[in-house]
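The values are calculated or read from the model by the stated rules, or taken from the named source; none is laboratory data. The structure presented is a predicted model; accordingly, all values stated were derived computationally and were not measured. Note that we place each Cβ from the backbone using ideal geometry, even for glycine, and neighbour counts take in every protein chain shown.
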Amino acid sequence: MRTRTPAGLLLALLFALPAFAAGTPAQNYNSGNALYAAGNFGDAIKAYQEVLGQGVRNADLYYNLGNACLKAGQLGPAVLAYERALRLKPRDPDIAHNLRYARVQIKGKLPAVERGFWLKLWDQARDSFSLSELLQILSVGWFLFGGGLAVRIWFRPSWLRLAGAITLGSGLGLLILTGPLTAAKLNQEVLTRPAVILEARAEARSGPGENNAELFQLFEGMDVIVKQCDSGSCEVQVPGGLTGWIKAGTFEII
C-alpha cells in the first residue's frame with residue numbers, strides 16, 4: 001500500500017502556507033509519508049491526524065491514514081478513514097479496493113441481506129458520485145431549466161425559442177436524473193448517522209444499559225447507523241435491519 005502525495009487545486013490552496021514553517025499541514029503530511037515509508041505506522045497516524053486537526057480534508061490524506069491504520073492493526077479507524085476518503089473520491093479504485101480488503105478482516109459476520117438487481121444498480125449509481133458532485137450537477141440543471149424557461153417566455157425569434165426549449169429540456173433532464181440520486185445521497189450522508197465500530201467487540205442489547213439482554217455482537221470495522229442515544233448508550237441499526245443498544249463511544253460517525 002503506497003502513500004499518496006496531495007493532489008487537486010483545493011489541497012494545493014490549503015497547503016499554500018509558509019512551506020518551511022514548523023507544523024504546517026504540508027510539513028506534517030510529508031512527515032507522515034516519510035514515517036509510513038520507514039515502517040513507523042503509529043507516528044505516521046499521529047502526523048496525518050495532525051493535518052486533519054489543522055482543518056485539511058482530502059481523499060488522499062484519508063487514504064494514507066487508512067493505510068497506516070491498517071498496517072498498525074487498527075481495523076476500525078482504517079475502515080473509517082477509507083469510507084471518508086471514498087465520500088470525497090467515490091470512483092477511486094484504490095480506495096474502494098483497500099476498503100473491501102479491510103472489511104474482509106472483520107472478525108465477526110452478521111446475516112447477509114441480498115439486494116435485488118435493481119436495488120444494487122441504484123446503490124451503484126448513488127455511490128458513483130460524491131454529494132458535492134451531485135449538488136453541483138443539480139445546480140446546473142436548475143440554471144439550465146430557469147434560463148431556458150426565461151428565453152421561451154421573453155424572446156420571440158424562433159431560433160432563440162428553439163435554443164430555449166433545448167436548454168429547458170436539458171435542465172429538466174438533469175433534474176429528473178440527479179434529483180432522486182441527490183436526495184438519496186443526502187439521506188445516506190446527512191439525514192442518517194452512519195458510523196463505524198472502533199472497539200474490538202460491542203454487545204448490542206435490547207435496551208440502554210448492561211442490565212438488558214444481549215441480542216447480538218458487533219465487531220471492529222462494522223458499519224452501523226446510529227438512531228438515538230440515551231443514558232450512555234446508543235441504539236444502532238446494522239445493514240440487515242437488526243437494531244440494538246451499544247455503549248456510546250464504541251463507534252465514530254463517518
Check Gln49 against each of (1) touching a Leu at 6+ places or on another chain (Cβ under 9 Å); (2) not in a helix (DSSP H, G or I) and name the one condition it does not meet.
(2)
Can you list residue pairs whose Cβ atoms sit under 6 Å apart, with the first residue in segment 157-171 being more than 17 Å from Phe145 (Cβ to Cβ) and the second being of a type in the set (Gly, Ala, Ser)? Count only pairs 6 or more apart in sequence or on different chains.
none
Let me confirm something: among Tyr82, Tyr48, Tyr62, which residue is buried (at least 17 other Cβ atoms within 10 Å of the Cβ), without any contact (Cβ under 8 Å) to a residue 40 or more places away in the chain and over 30 Å from Thr178 (Cα atoms)?
Tyr48
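Among residues belonging to segment 120-134 that are surrounded by 13 or more Cβ atoms within 10 Å (Cβ to Cβ) and either of a type in the set (D, E, K, R) or outside any helix (DSSP H, G or I) (or both), point out the one that is modelled with the lowest pLDDT.
Once the filter is applied, the top-ranked residue is Asp123.
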Restricting to segment 216-237, name every residue that is in contact with a Gly (Cβ under 8 Å, 6 or more places away or on another chain) and either surrounded by 14 or more Cβ atoms within 10 Å (Cβ to Cβ) or of a type in the set (Lys, Arg) (or both).
Phe216, Gln217, Leu218, Phe219, Glu220, Gly221, Met222, Ser233, Glu235, Val236
Listing of strands (runs of 3 or more DSSP E) fully contained in segment 141-254 that carry 1 or more residues being of a type in the set (D, E, K, R), under 26 Å from Gly73 (Cβ atoms) and within 22 Å of the chain's Cα centre (by Cα)
223-230, 251-253
Please go through segment 53-83 and give me each residue that is aliphatic (A, V, I, L, M) and modelled with pLDDT under 95, ordered by number.
Val56
Are any residues in segment 95-125 under 20 Å from Ala85 (Cβ atoms) and aromatic (Phe, Trp, Tyr), and if so, which ones?
Tyr101
Just a yes or no: is a residue in segment 135-144 of a type in the set (S, T, N, Q), assigned by TED's automatic domain parsing to the domain that holds Leu186 and more than 26 Å from Phe216 (Cα to Cα)?
yes
Being at pLDDT 95 or above and among the small types (Gly, Ala, Ser) narrows Ala165, Ala102, Ala112 down to just Ala102
